[in-house]
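Accompanying notes for the structure given below.
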Amino acid sequence: MVDEFTQTLLGSMVAVIMLGMGASLTPRDFYLALRRPYGLAIGVVSQYGIMPFLGFMLALALTVPETIAVGILIMACMPGGTTSNIFTYFSKGNLALSVLMTVTSTVFGVVLIPLILLLYAAALDLEIPREDIIAVLIVLLVPVAIGMTLRKINPNAGAVMEFLGSILGAFFILFIAVTWIPQNWQFLLNTTGATYVAAIGLGVIGITIGYFFATSLKLHPRNARTVALETGIQNGPLAIAIVVFTFPPEQQQAIMAVPALYSLFIVITSTLVTFVFRRANTAAEQKLPDGLL
Amino acid sequence: MVQADRPWQAFYGPDVRPDIGTSSYRNLPELIGSVAETHKSAKAFTCVLPNGMNGTLTFAQVDEMSDALAVYLREVAGLNAGDRVAVQMPNSLSFPVAAFGVFKAGCVLVNVNPLYTADEMAKQFEDAEPHALIIADMFADKVPAATRGHPIPNVIITRVAEFLPVLPRGIVGLVQKYWDRSVKPVEVAHVRLPDALKAGRNHIRTDHVEVGSYHQAITHDDLAVLQYTGGTTGVAKGAMLTHGNLILNMEQAMELLGGDMEKWAEVILTALPLYHIFAFTVNMLAFYWLGARNILIPNPRPLSNVKRAFENYKITWISGVNTLFNALCNEQWFQDSPPKHLKFAGAGGMALQSSVAERWREVTGTEVLQGYGLTETSPVVTFEPLGKTREGTIGIPVPSTDVACFGEDGAMLATGETGEIGARGPQIMKGYWKKPEETAKVMNGDIFLTGDIGVMDPDGYVRIVARKKDMVVVSGFNVYPNEVEDVLAAHPGVAEAAVIGVPDDASGEAVKAFIVKGDPGLSVDQVRAYCKEHLTGYKVPKQVEFRDTLPKSNVGKILRKDLRAEALAQAAE
């Protein structure tokens, strides 16, 4: 259950996060991505092939109520989150690739998310408000476009927006932690361990599969680490927004459980992974000698 | 050295005057003011941070701000004409304001490397005796230690994001203070640069101060900059560069290379530090004169820091050193979308490897032209003319310059004979600050002896064969073995030390130290850590080797050349 004020707040926070995402991009990035469609394809496969299938398998294997299963599926079908860019930055991955994968998966998501969601939901015999989800996704592409334009017109405004967006991404998780958890305390105690397994497993297994998928394609280690984080880190705020805006209030608590828990646990998972990746990166950087540069 | 024929003039373009004569500007302030006068609102300097945040000053703004700083220095700080002002900061909008302000005040600019340790700063301050210091806050924590015993009366603090719009400036400030903690509290009495400008403006308004009166009498022969260099012997010396040196050298370089440049239309990328003479004269002065927009990069490391600058601005010219061009060509984003509007690039500071020049041509479709010069020559002596590059050479002398090789006895050699390169022209320094004996060692009449051994092709292209002294060039920075050896010798665990340069793929040359242990427990890490405390990064030995003895001559002098031969033989294996 989410009141109207919180709902508006959630919506505007997601909008600002998307604005920041757009501000981190230039049309040139799309041009470059199209010139190297290989990278783009990897992103789409990992985001809409691997992750939804993983979600499907988790929903199938774990004995969870239908509402929780819907939550797992929605979370699994989300595009990459902006937090993946922050973790990529700190793990010294390929930031440009991360940003690009995040944005292309968001753009492709308008078509792919409802499609895949519907497919797996049908397989699991679950009800999904398809049209509403498409509407939310399209509405959220608007701030992305505005962000891109802003960046083009005024790099300063773009950089400020990008900065605020990523700060807000972190703040969003804090917001969930302090508002949603206390309100749903009882629910969280009563729900089965399977819910937690799904929320944590989605991130941990996603990053692991993403990493092995990328290395099996012989990607540069830096890019492989980036793809790994990008695969495992989903757009939590978007999932929560979709649940809040498309499902009837009485179902929201249970459906939102996995997205909310995922959003919290992914921070811990990604932080640990970042430490490992950072160490792996130190040896491989292009060393610039001290001197005139 | 009268070279009646100057054979290289055949390679000058049709519009290049072999002799540029004298300049129409009497001094730098006049040049700065008159350029600003013609295109007041054109963009002069833009500082671009890694995330694309930026700030811009127009020609009129730089002119006005430097006026205000000049008035502050003279009226509030109480400086007199000829007083030295040290400027120590990375590339930022404050740099041109500070440098131009010092010139307009009739004072002498002392460029200081911001990465210097407190020890290194102290040496330079002791010699130059600056009356004021304008320093970026990131480096101000070194000031107390660097000025102990000889305080600098006026300290002006600025920051990298100075003059950026308020929001980006605030964000950068917060990030620097709380996130990377790169800005520490300033512990000396100081004034902030914007406050100094405000005070200067107040004086202009209320007391009707005429900035022109400070610099009216300055002529070409007057001192403008003390540019420190280890010279050829390793003792830090301030090369006295005059207003004439800098104005004419900038005009010489532009005369040869400016043919393809359009006034008020160029956008140049300055990733090299402005405190270095190459970027100072060529990027800052010459391109300001041309009316170009100068994109300043505070810190090009990692190289992804310059990505946004390439994306957001149509860069038409870039200067750099071999290391920079090589590293750019290795970046995927640069390979994918090389700058489309680039006309050509200029390389200096260190030898440009032909493989790097070739890569650059492949990636960008433009030439890198190599130039040559020294701090003592303001710096440009030779440059490759556009479309007439010749592999293995440093190009031909710029207009109004004579170059020849000289024998051990000081006699000029015939073309084709190998000897020490000597140069004569309006860009040769006035001498070393307070060191007439040192000046005498490098001057042969009006000819400056470079310390580099070279040879000239019959048609005037110059090749460098070797260096006369033991100096090591690490990615464009000179390292003098004496200085590093002195630091090593001061370590209690070191009995003896010798330092040489060895070939290095990344930086051209790297510093290698040979050490005889006094304390058997001494480790390589300890040696390097000790060096890092006392020396700037590029001077710290990359390689350290422990030896039982060092090769010595029969009078006990350490033979660096033997060590070098050994190292080269090892590298060849």
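Data table
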item	result
Subset of the range A:207-234 (residues that are surrounded by fewer than 18 Cβ atoms within 10 Å (Cβ to Cβ) and not in a helix (DSSP H, G or I))	A:Leu217, A:Lys218, A:His220
Every residue from the range A:2-20 that is closer than 17 Å to A:Ile255 by Cβ, of a type in the set (A, V, I, L, M) and at pLDDT 80 or above	A:Leu10, A:Val14
Meets criteria (surrounded by 24 or more Cβ atoms within 10 Å (Cβ to Cβ), over 16 Å from A:Ser84 (Cα atoms) and among the β-branched types (Val, Ile, Thr)) for A:Ile240	yes
Test for B:Phe448: is it more than 25 Å from B:Arg301 (Cα to Cα), in contact with a helix residue (DSSP H, G or I) (Cβ under 8 Å, 6 or more places away or on another chain), touching a residue at least 60 places away in the same chain (Cβ under 8 Å) and away from every other protein chain (no Cβ under 14 Å)	yes
Qualifying residue in the range B:231-244 (condition: at pLDDT below 95, more than 24 Å from B:Val108 (Cα to Cα) and either crowded, with 24+ Cβ neighbours inside 10 Å or among the basic types (Lys, Arg) (or both))	no
Qualifying residue in the range B:54-68 (condition: part of a loop (DSSP other than H, G, I, E, B) and out of contact with any Gly (no Cβ under 8 Å at 6 or more places or on another chain))	no
Test result for B:Pro50, in contact with a helix residue (DSSP H, G or I) (Cβ under 6 Å, 6 or more places away or on another chain) and farther than 23 Å from B:His243 by Cβ	yes
Only one of B:Val97, B:Val112, B:Val102 that is within 18 Å of B:Leu79 (Cα to Cα), in contact with a strand residue (DSSP E or B) (Cβ under 6 Å, 6 or more places away or on another chain) and of a type outside the set (Gly, Ala, Ser)	B:Val102
Test result for B:Met456, surrounded by fewer than 22 Cβ atoms within 10 Å (Cβ to Cβ), more than 14 Å from every other protein chain (Cβ to nearest Cβ) and more than 20 Å from the chain's Cα centre (by Cα)	no
Any hit, the range A:91-106, residues being in contact with a Leu (Cβ under 9 Å, 6 or more places away or on another chain) and over 23 Å from A:Leu34 (Cβ atoms)	yes
B:Thr389 being modelled with pLDDT under 95, of a type in the set (S, T, N, Q) and crowded, with 18+ Cβ neighbours inside 10 Å	yes
Count of residues meeting criterion [surrounded by fewer than 18 Cβ atoms within 10 Å (Cβ to Cβ), of a type outside the set (Phe, Trp, Tyr) and within 14 Å of another protein chain (Cβ to nearest Cβ)] in the range A:33-66	4
Unique residue being under 29 Å from B:Gly431 (Cα atoms) and either in contact (Cβ under 8 Å) with a residue 60 or more places away in the chain or within 14 Å of chain A (Cβ to nearest Cβ) (or both) when the list is B:Leu256, B:Leu197, B:Leu193	B:Leu256
So B:Leu342, is it on the phi < 0 side of the Ramachandran plot, in a loop (DSSP other than H, G, I, E, B) and either hydrophobic (A, V, I, L, M, F, W, C) or away from every other protein chain (no Cβ under 14 Å) (or both)	yes
Residue selected from the range B:26-51 under the condition under 20 Å from A:Ile153 (Cβ atoms) and surrounded by 24 or more Cβ atoms within 10 Å (Cβ to Cβ), by the criterion farthest from the other protein chains (Cβ to nearest Cβ)	B:Cys47
Any chance B:Lys314 is touching a Gly at 6+ places or on another chain (Cβ under 7 Å), part of a loop (DSSP other than H, G, I, E, B), touching a residue at least 12 places away in the same chain (Cβ under 8 Å) and not aromatic (Phe, Trp, Tyr)	no
Residue satisfying condition, being within 14 Å of another protein chain (Cβ to nearest Cβ) and either in contact with a helix residue (DSSP H, G or I) (Cβ under 6 Å, 6 or more places away or on another chain) or modelled with pLDDT under 85 (or both), within set A:Val160, A:Val144	A:Val160
Test: B:Ala466 is under 24 Å from the mean Cα position of the chain (by Cα), touching a residue at least 24 places away in the same chain (Cβ under 8 Å) and under 25 Å from B:Gly451 (Cα atoms)	no
Matching residues in the range B:359-391 - criterion: being more than 22 Å from B:Tyr275 (Cβ to Cβ) and part of a loop (DSSP other than H, G, I, E, B)	B:Gly365, B:Thr366, B:Glu367, B:Glu384, B:Pro385, B:Leu386, B:Gly387, B:Lys388, B:Thr389, B:Arg390, B:Glu391
Check on B:Val380, over 30 Å from A:Asp29 (Cα atoms) and in contact (Cβ under 8 Å) with a residue 12 or more places away in the chain	yes
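The values are calculated or read from the model by the stated rules, or taken from the named source; none is laboratory data. Predicted, not measured: the structure shown is a model, and the values here were computed from it. Counting neighbours? That spans all protein chains shown, and the Cβs are built from the backbone with ideal geometry, glycine included.
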